[in-house]
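So the structure is just underneath, and the comments pick up after that.
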Amino acid sequence: MVAPSSPVPNLAPQESAYTTALTQYDRAAQILGLSSGMYETLRKPRRELTVNFPVKMDNGEVRVFTGYRVHHNTARGPSKGGIRYAPTVDLDEVRALAMWMTWKCAIADLPFGGAKGGVVVDPKQLSLAELERLTRRYTTEITPLISPEGDIPAPDVGTNPQVMAWIMDTYSMHRGYSVPAIVTGKPINIGGSAGRFEATGRGVMFVVREAYRTFGWNFDNLSVVVQGFGNVGSIVAQTAYEMGCRVIAVSDIKGGIYNPNGIDIPRLRLFLREEHTLADFARISGVDVITNSELLELPCDILIPAAMENQITAANASRVRARVVAEGANGPTTPEADDILIERNVLVIPDILCNAGGVVVSYFEWVQSLQQLFWEESDVMQRLERVMVRSFRNVYSEALRMDIDLRTSALVLGIRRVVEATRVRGLYP
Ligand code: NAD
């Protein structure tokens, strides 16, 4: 596999996740030779909704928040995508994340299109009651776009099963009866799926293990570095630990901890449950404290960015010392950084393949919610592994066939499937 030589457009300067998503799309679209009508259709989001809504704070004041819901594409089915609560959310970020969802669902061959939502808020600054009121009002504001048949939200950065429960309850109150299939990633006792919480992190490691098998590389005692210790990062670290890897560093937004002999991840997760921090853990266990930028440059076998976009850029890609970069986060590597990593023979397993486990089990959850028939966790995990392995193999064989890198190959595969669905459905009216 090599980087596609020609015809590839010049890289736009790295500005935002949306610039990254569009640059990636343009590269793949050129390889696919899309007609200009198809190229434009798939490049633009289908629908975008911006909402500004008031929320009563605990002190009696009213604050106005801004939120978004974007449907990128619905050719292959209802749109699917998470909801992000973060102060950095903006419309372009949501557009990028929605576009990536379209390709991700197509690569995993799920009957979904792509969507994303977000609210500009730091959820850590809100009380639980404020967060609930914000979630219920945001849900009401985006109700014209969401439905179990049309667009199904899920968790992302800053949201969790509790937030999904409030969304499900709010939507159900409007309808007058319970509608569990309106969201995925909800708690199991109201119709969530066994294994959904773990799905993204486990899926990342299923793909990494399959990549090692495919290349005939030894999978014993590998050193793993994980950036971000939330929904995705903590489960990636736990799964890597269970698979016999040495997790030598992890981090959150405040910084990281490092122990070249490996961190006891189950102990760390228990410790963090008691409102402690990574820095507290460093103090009691004697591991080193490092910054997030130092963490990205540690020598290791596998680097797993599982936090935010734009972490590996032209500025630090030449100092990444991992053999494999497995993208747990969406958009952690810019196109410029991709080129540097390819040049340096670092294997990048792209987000739209690597972190698809979340949406795969979201699909399973949606199916279970619609049928009111629930599966065992072992069943969910076996099915998840099958889909992740199949997706990796499909992307890898496309990469070999076209002599392109895994990201371009994943994009080509995903976009081609959306193009085929668009063509066979025809153009309305
Ligand atoms: P989360 O909010 O549960 O965790 C995010 C983690 O990253 C936290 O530990 C946070 O402290 C840390 N973090 C935030 N900003 C950071 C920064 N600038 N530098 C370093 N660390 C930072 O979020 P999550 O659900 O785990 O999502 C993480 C990434 O994975 C996002 O890119 C998200 O879009 C992607 N993703 C999530 C899912 C899912 O199922 N939750 C599925 C697919 C992809």
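The values are calculated or read from the model by the stated rules, or taken from the named source; none is laboratory data. Quick caveat: nothing in here was measured; it's all calculated off a predicted structure. Quick reminder, even Gly has a Cβ in these numbers, built from the backbone with ideal geometry, and neighbours come from all protein chains shown. These area figures cover heavy atoms from the full protein model, side chains too; ligands, DNA and RNA do not enter into them. Shrake-Rupley method; radii C 1.70, N 1.55, O 1.52, S 1.80 Å.
Residues that are buried (at least 24 other Cβ atoms within 10 Å of the Cβ), in contact with a Phe, Trp or Tyr (Cβ under 9 Å, 6 or more places away or on another chain) and at pLDDT 95 or above are absent from region 307-329 altogether. G114 meets each of the listed conditions (1) more than 14 Å from the ligand (Cβ to nearest atom); (2) not in a loop (DSSP other than H, G, I, E, B) apart from (1).
Okay, residues lined up against (1) out of contact with any Asp or Glu (no Cβ under 6 Å at 6 or more places or on another chain); (2) under 30 Å from D90 (Cβ atoms); (3) within 16 Å of the ligand (Cβ to nearest atom):
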residue	(1), (2), (3)
G262	yes, no, no
F271	yes, no, yes
D288	yes, no, no
S293	yes, yes, yes
C300	yes, no, no
A314	no, yes, no
T334	yes, yes, yes
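Annotation note: of D338, D379, D403, the sole residue that is out of contact with any Gly (no Cβ under 7 Å at 6 or more places or on another chain) and either assigned by TED's automatic domain parsing to the domain that holds A211 or not acidic (D, E) (or both) is D338. Going by what's in this entry, would A356 be described as touching a residue at least 12 places away in the same chain (Cβ under 8 Å), within 14 Å of the ligand (Cβ to nearest atom), open to solvent by less than 10 Å² (accessible area, probe 1.4 Å) and aliphatic (A, V, I, L, M)? Spelling it out, A356 is indeed touching a residue at least 12 places away in the same chain (Cβ under 8 Å), within 14 Å of the ligand (Cβ to nearest atom), open to solvent by less than 10 Å² (accessible area, probe 1.4 Å) and aliphatic (A, V, I, L, M).
Note down all Cβ pairs under 8 Å where the first residue falls in region 223-234 and is part of a strand (DSSP E or B), the second is open to solvent by 10 Å² or more (accessible area, probe 1.4 Å) and charged (D, E, K, R), and they're at least six residues apart or on different chains. Pairs that qualify, where the first residue is part of a strand (DSSP E or B) and the partner is open to solvent by 10 Å² or more (accessible area, probe 1.4 Å) and charged (D, E, K, R), are S223/R246; S223/D301; V224/R246; V224/D301. Taken together, M205, M168 contain a single residue that is without any contact (Cβ under 8 Å) to a residue 24 or more places away in the chain and crowded, with 20+ Cβ neighbours inside 10 Å, which is M168.
For (1) within 14 Å of the ligand (Cβ to nearest atom); (2) open to solvent by 20 Å² or more (accessible area, probe 1.4 Å); (3) under 21 Å from M57 (Cα atoms), each residue gets a yes or a no:
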residue: V121; (1), (2), (3): yes, no, yes
residue: L126; (1), (2), (3): no, yes, yes
residue: R136; (1), (2), (3): no, yes, yes
residue: T139; (1), (2), (3): no, no, yes
residue: I152; (1), (2), (3): yes, no, no
